[in-house]
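Readers should treat all values here as calculations from the given coordinates under stated rules, not as data from a laboratory. Fair warning: this is a prediction, and the values are worked out from it, not measured in the lab.
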Amino acid sequence: MSSSGRSWTVDSIAHALPHSELRATFMREFAFSDVREVPAVLERWVKFIESFEADRERVEHLRTAFHGSGHLPSTYRAGLIDLSAEELRSAAGDDGSRGRGAA
């Protein structure tokens, strides 16, 4: 399931997530997914963890630079996270069922 060769379980995925909210989101998504969709759900979360872990050294370097000087290095460029419009609405708490301007 992973490019790192690491053996993953639902428990190890949950424990590898860096924040309790991410763990809760993962567990909800896993628990409420159709059985046929579970492998894709697990693969997506493993890829997220592997990407996060691969960037850990770079993030630590940025953190150290920021704490030392109060700003990020001039060479730093932020990237965009690839999210669907549905995921953005969900994260904002808008399920699309409310009309614009509704009180």
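Below 8 Å between Cα atoms, with a sequence gap of 6+, how large is the relative contact order for segment 1-66 in percent? Value for segment 1-66: 36 percent.
Taken one residue at a time, the phi angles of segment 56-73 give Karplus couplings (6.51, -1.76, 1.60, θ = phi - 60°) of 4, 4, 5, 5, 5, 4, 5, 4, 4, 4, 5, 5, x, 10, x, 8, 6, x Hz. Gly and Pro are set to x.
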